[in-house]
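Here's the structure we're looking at; comments come further down.
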Amino acid sequence: MASVDGGSASGLPTTGSLLHWADVVVITGYFVLVLTVGIWSSRQMSRSGSISSYFLAGRSMNFGLVGASLFASNIGSGHFIGLAGSGAASGIGIGAYELNACFICLILGWIFVPVYIASGIYTMPEYLHRRYGGQRIRIYLSVLTLLLYVFTKISADLYAGAIFIEQSLRWDLYVSVVILLVIAAVFTVTGGLNAVIWTDFVQCVIMLAGAFSLLVVVLVRVGGYKELIEQFPLAKPKVVKANATHCSDVPKNFLHLLRGADDPELPWPGVLFGLSVSSIWYWCADQVIVQRVLASKNYSHAKAACVVSGYLKLLPMFLMVLPGMAARILFPDEVGCVDPDICERVCGSRQGCTNIAYPKVVIELMPAGLRGLMLAVMMAALMSSLTSIFNSSSTIFTIDVWKTYRPKSSEAELVIVGRIFTVGMIIVSLFWVPIIKASKGSQLMHYIQSITSYLAPPIASTYFLGVMTQRANEKGAFWGLVFGLVIGMTRFILGFFVFPSVECGEVDLRPSFIKDVHYLHFGLILFVLCIAITMTISYFTDPVSQHRVFISRLPRTA
């Protein structure tokens, strides 16, 4: 077991490269395979320069490819780091996030997708334009979505993936990010969604193979699943502050998916209802996910893809959460540290070091070759997420912003604009790297998990009402969005900048509405308020025309 002294900022050895020649061979093989598939699929798309081919893969994908792409797009490097870290901190409860998605995927396939496919849309803001009319909702959501992608999804994946690569390859963080961004952009810019889905499929297979390998290794090392469960609550660091002995304790309900309503991490009302609000936005109204389903060759394949993705979402609790729990057992002084000074030496954060759980077991336990496979897995997770975000962002900008102001643009012009915007997204992401490097603590990951509950509920309510009701109109939807954004941003600013969280063991003097209202509960409350405001305004103003209502009530059969 490594000592906390003399380590790097991530608690990993700092001397020399950690890679064996076999690891280099595996990583090289990964890059060759992915680039080969990307180039091949790009050439397939280049035969047809239409906008449908570039942004929706010609609506020709079968359910296996789409289902794997949905899973790969969702499982970024942040999942490996975040789920394993939360597992190390408090047990299997965080798996509820993944299990919730299994059911939401079915809602996507059976309720939302029929409307989207029959509408003939390319982007989610485009659907709102057809459903509610006017341009302000469409432009508003387009800009907000692009900002969210840059400052949440891209930043989270770059943070998690680059730290993993930095510690294993000894590359500089900037070098890691630049190389991965450039490779991810190659087949996104040239091949569009067709290339992205094919490479997602390959990377999904690599991720599952590598994660299964690591799960077997860690279970063997701790003595099996029974020993894992018995030893986890006993895994405590040796050094604990005198006034914070409770901080090293593993929660007694670490084997519970549903916990008490007053649980500080995963209260059951928030998990069942508040999390579902965020999931409706992510799985049913977010461009990255829905764009893949829209690429299905027909409605039957779209539904089947959602089922495939739902089954795959059963795996992360075992493939990512359990290795995190094992990491705490094997490395309690590093992964489970609670003394702020020690944690800062171990991982550069005074809040705790559970985020290093996954890279710790990979680097310390995996043999040569398999260690390279796991590094390839992290690259696959990062690149699949980045390519998905880049392609979806270019689609939103091209269809909802550029085409709005240049309605007579040719298809060739739109494809070129989409490629140029992808390059622009890459440049913006590179400028975000210094912010990532300055935010190496756990606060960035916590921010990514909670910001969805602050900003997604008004968006989710708008799509939910658009699909499920006839009476919601443009005025109600717009002011519901504005109200939700103001309230959500206010809560975010107060919670992270005005009244930031305190270290364990210190007196919490934050206002009750900050420290006692869990972000999942807040998301549920905000969702209900946005629905109430939207429907109230809609009932006191003119209804939408019947042809727009029809779009929200298309038949849901193939």
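The values are calculated or read from the model by the stated rules, or taken from the named source; none is laboratory data. Since the model is a prediction, treat every value here as computed from it, not as a measurement. Neighbour counts are summed over all protein chains in view; Cβ atoms, including those assigned to glycine, are modelled from backbone coordinates with ideal geometry. Keep in mind that these areas ignore ligands, DNA and RNA; they rest on the heavy atoms of the full protein, side chains included. Shrake-Rupley method; radii C 1.70, N 1.55, O 1.52, S 1.80 Å.
Would you please list the contacts, defined by Cβ atoms under 6 Å and residues six or more apart or on different chains, that run from a residue in segment 368-395 that is at positive phi to a residue that is of a type in the set (D, E, K, R) and surrounded by 24 or more Cβ atoms within 10 Å (Cβ to Cβ)?
Close Cβ pairs satisfying both conditions: none exist.
Looking at segment 313-329, can you tell me whether even one residue there is closer than 28 Å to Pro500 by Cα, of a type in the set (D, E, K, R) and surrounded by 24 or more Cβ atoms within 10 Å (Cβ to Cβ)?
yes
Only one residue in Ile459, Ile487, Ile493 is part of a helix (DSSP H, G or I), in contact with a Phe, Trp or Tyr (Cβ under 9 Å, 6 or more places away or on another chain) and open to solvent by 50 Å² or more (accessible area, probe 1.4 Å), so which one is that?
That would be Ile487, the only listed residue that is part of a helix (DSSP H, G or I), in contact with a Phe, Trp or Tyr (Cβ under 9 Å, 6 or more places away or on another chain) and open to solvent by 50 Å² or more (accessible area, probe 1.4 Å).
Answer yes or no as to whether Pro323 is of a type outside the set (Gly, Ala, Ser) and over 27 Å from the mean Cα position of the chain (by Cα).
No.
Filter segment 105-145 down to the residues that are open to solvent by less than 10 Å² (accessible area, probe 1.4 Å) and of a type in the set (Val, Ile, Thr), then identify the one that is nearest to Gly274 (Cα to Cα).
Out of the qualifying residues, it is Val113.
Looking at (1) surrounded by 22 or more Cβ atoms within 10 Å (Cβ to Cβ); (2) touching a residue at least 40 places away in the same chain (Cβ under 8 Å); (3) closer than 21 Å to Gly87 by Cα, which is the one condition that is false for Cys343?
Here Cys343 clears every test but (2).
For Asp333, which of the numbered conditions (1) open to solvent by less than 30 Å² (accessible area, probe 1.4 Å); (2) under 30 Å from Cys247 (Cβ atoms) fails to hold?
Every listed condition holds for Asp333 apart from (1).
Somewhere in segment 17-27, is a residue assigned to a loop (DSSP other than H, G, I, E, B), modelled with pLDDT under 75 and surrounded by fewer than 16 Cβ atoms within 10 Å (Cβ to Cβ)?
The answer is yes; a qualifying residue exists.
Can you pull out every residue in segment 514-544 that is closer than 22 Å to Gln351 by Cα and either open to solvent by 70 Å² or more (accessible area, probe 1.4 Å) or of a type in the set (Asp, Glu) (or both)?
Lys515, Asp516
If a residue counts only when it is open to solvent by 10 Å² or more (accessible area, probe 1.4 Å) and at pLDDT below 85, which helices (runs of 4 or more DSSP H) contained entirely in segment 237-312 have at least 1 such residues?
none
Being open to solvent by less than 30 Å² (accessible area, probe 1.4 Å) and either free of Cβ contacts under 8 Å to residues at least 12 places away in the same chain or assigned to a helix (DSSP H, G or I) (or both) is the filter here, so list the residues in segment 462-473 that pass it.
Thr462, Tyr463, Leu465, Gly466, Val467
Out of (1) modelled with pLDDT under 85; (2) over 30 Å from the mean Cα position of the chain (by Cα); (3) polar (S, T, N, Q), the odd one out for Gln231 is which?
Condition not satisfied by Gln231: (1).
Scan segment 405-419 for residues that are open to solvent by 40 Å² or more (accessible area, probe 1.4 Å) and of a type outside the set (Phe, Trp, Tyr) and jot them down.
If the condition is that a residue be open to solvent by 40 Å² or more (accessible area, probe 1.4 Å) and of a type outside the set (Phe, Trp, Tyr), then Arg406, Pro407, Lys408, Ser410, Glu411, Ala412, Glu413, Ile416, Arg419 are the ones that fit.
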